[in-house]
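Have a look at the structure below, then the notes.
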Amino acid sequence: MEAEGSAEITGLLKAWGAGDTCALDRLTELVHRELRNMARRYMKDEHARVTLQATALVNEVYIRLVDVKSIDWESRAQFFALSAQLMRRILVDAARTRGCGKRGGGVVKIDVNDTAVVSSQPDRFILDLDEALEALSRIAPRQAKVVELRYFAGMSDEESAEALQTSVRTVRRDWQFARAWLTRDLTAR
């Protein structure tokens, strides 16, 4: 069933890319729940004062995706990888807009695993993680992409491997390296 759903999403992405607006409507129905789950994972540790809600985050992703014209959609994994990247950008922009200080004064517990990172200052953590990922992407771009897919999109090793067109074993090695690198970098902040 999951393979059928994945194939349907891929077909709808291709139809949408070819200009079929009805395909976009059907695609939205199919992916909305998964995008909301991604948004909730992102936002679960945000302050109560944050006005951006999961629904608003998903809506902003839709708005930005509709403007994307030059993508040759190949798979469901590619779509969710781009969605995760957009969510990351939106949250980083929102954190910057809220006027976080350059360095947080609170202690940050770092656990870059499949679960969300706990921070006494979530805004600051998102900015620090973004800076760390940017630094990692300059020296190890594929490993940084694995973090984005696993942490932000909540993708499994298999889904990440599909999105990156590599093996599951490579994704696991990349994840292990990236986690160690990010932990060291974020601890030093």
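Values in this text are rule-based calculations from the coordinates and carry no lab data. Just so we're clear, the structure is a prediction, and the values are computed from it rather than from any experiment. Counting neighbours? That spans all protein chains shown, and the Cβs are built from the backbone with ideal geometry, glycine included.
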Would you please put 131-137, 15-21 in order of how densely packed they are, using the mean number of other Cβ atoms within 10 angstrom per residue and starting with the highest?
131-137, 15-21
Which residues' amide hydrogens lie under 5 Å from the amide hydrogen of residue 155, considering only partners 5 or more residues apart or on another chain, with H built in the peptide plane?
150
Long-range amide H contacts for residue 71: which residues qualify at under 5 Å (H placed 1.01 Å from N, peptide plane, sequence gap of 5 or more or a different chain)?
none
